Amino acid sequence: MIIEKVEYHTVHSHFTYDIPDEDIIAEFGSVEEFEKHFEEESDEFYEFVMEYGYDREDDWFSDRKGGYEVEWSYGEE
């Protein structure tokens, strides 16, 4: 018999981008202008940032603290 367990968790994903100031200035003219786009979350901001890689750290909050939903069911054989 196959049974399945599904856990519904809350995950907080943290993405860290390390973008050289020179690249920011080349694209936006200045760091201050980039910060305006950052605060507005403009399309230009998103398009620029998506060109860079990132470090990702996931915090499985509900797994660490408990309090997640669990569902059991029969699986297909």
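Bear in mind that the values in this text are calculations on the coordinates, not laboratory data. Since the structure is predicted, the reported quantities are computational estimates derived from the model, not experimental observations. FYI the Cβ positions are ideal-geometry reconstructions off the backbone, even for glycines, and counts take in every protein chain you see.
For the pair D43/E69, report the inter-label distance in nm, with labels modelled 7 Å from Cα in the Cβ direction.
Placing both labels 7 Å beyond Cα along the Cβ direction yields 3.6 nm.
So how strong a dipole does the chain carry about its Cα centre when Lys and Arg Cβ are +1 and Asp and Glu Cβ are -1, to the nearest 20 debye? If you can, show how the numbers build up before the last one.
Working: 5 positive and 26 negative charges, 128 e Å.
So the magnitude is around 620 debye.
Counting other Cβ atoms within 10 Å, keep those with at most 15, restrict to DSSP loop, and tell me which chymotrypsin sites (Phe, Trp or Tyr not before Pro) in segment 14-77 are left.
Passing both the DSSP loop test and the Cβ count: Y17, Y52, Y54, W60, Y68.
What's the angle, to the nearest 10 degrees (0 to 90), between helix 31-40's Cα axis and the longest principal axis of the chain?
That works out to roughly 40 degrees.
Please work out whether the chain counts as rounded, prolate or oblate from its C-alpha gyration tensor, where a ≥ b ≥ c are the square roots of the eigenvalues and a/c under 1.5 means rounded, while otherwise a/b larger than b/c means prolate and anything else oblate?
It is prolate, given that a/c is not under 1.5 and a/b is the larger ratio.
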